[in-house]
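Structure record follows, encoded as structure tokens.
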Amino acid sequence: MSTYLLVHGAWHSGEVWKRVVPLLAAAGHRVYAPSLAGYGDKAHLLGPDVGLDTHVDDVVRLVMDEDLTEVVLVGHSYAGLVVSSAANQVPDRIARLVYLDAMVPAHGETAADVLPVTRAMIDGALASESGWRVPPMPELPPPHGLFGVTDPADTAWLRTLLSDLPVRCLQQPVRLDNVAVGTIPRTHIHCVADRPEGVVRRPVPATEQVWELPTGHDCMVTMPAELTGLLLELA
């Protein structure tokens, strides 16, 4: 039995994994798919003080409270930053890091460093009436859709999960200064059906595993069985 900890990306909630969790569990594995502070069952925590560090603490606290070990830690999109810093704090408990169409940072980098297109989001939030809210990415014409989801029913459901992102999530730097984190194996799963303009993926070192899924960004919605199949190969 393996332990999978699935961390959702910006604007989403843990509910986005609802099609993957039962498939992993049916294969005999333990699965956690929490909502980060400000989302899902923690929506009441959304506020300007929530940042990347808050979400890292969410993940580390869950690992420690549940005494999880040998964790396959999966970060989708923005959560690539979250799982990186979380693994930096508890490297001895992480068996593998999985970057699922995710930001892959170096030590000290922010979201804007990894994905420069987010700089416009930061500037927009700081200039807005709230001073801190980053609204979800808009739905685009096919083939882009809403985070790569184009089926009308799925798109309608996905909208119910989305909330604004506090700008501090994009401003706070990742910590990767624990030498032990460098020994954790890494797998990258790239969604390759389409890439919105301005979204550029960093090259992956030849020593790290790369898989591809022929679908859009929210592959846990559009290709849950295929994604689960890849994750099960890591068990």
*What Rg and what Dmax come out for the chain when only alpha-carbon atoms are used, in angstroms?*
16.4, 49
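What does the convex hull of the alpha-carbon atoms of the range 125-207 project to on average, in nm²? Let's see the in-between values first.
Details: hull surface 33.1 nm².
Value for the range 125-207: 8.3 nm².
How much of the DSSP bridge set in the chain is antiparallel, in percent, rounded to the nearest 5?
On the way: 4 of 27 bridges.
Among the beta bridges of the chain, antiparallel pairing accounts for roughly 15 percent.
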*For the range 44-88, alpha-carbon Rg and Dmax in angstrom*: 11.0, 34
*Over the chain, calculate the relative contact order: mean separation of alpha carbon pairs under 8 Å at least 6 apart, over the residue count, as a percent.*
24
*With runs of 4+ DSSP H residues as the only contributors, calculate the mean residue ellipticity of the chain at 222 nm using -39,500 (n - 2.57) per run, divided by the residue total and rounded to the nearest 500.*
-8000 deg cm²/dmol
*residue 199/residue 153 FRET efficiency (R0 30 Å; Cβ-Cβ; nearest 0.05)*: 0.75
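In Å², and per residue, what accessible area does the range 17-57 have when probed at 1.4 Å with the other protein chains present?
Values: 1840 Å² over 41 residues.
About 45 Å² of surface per residue is accessible.
The values are calculated or read from the model by the stated rules, or taken from the named source; none is laboratory data. Just so it is clear, the model here is predicted, and its values are computed rather than measured. Glycine also receives a Cβ, built like all others from the backbone with ideal geometry; neighbour counts cover every protein chain displayed. Ligands, DNA and RNA are stripped out before the accessible areas are found, and what is left, the full protein with its side chains, is counted by its heavy atoms. Shrake-Rupley method; radii C 1.70, N 1.55, O 1.52, S 1.80 Å.
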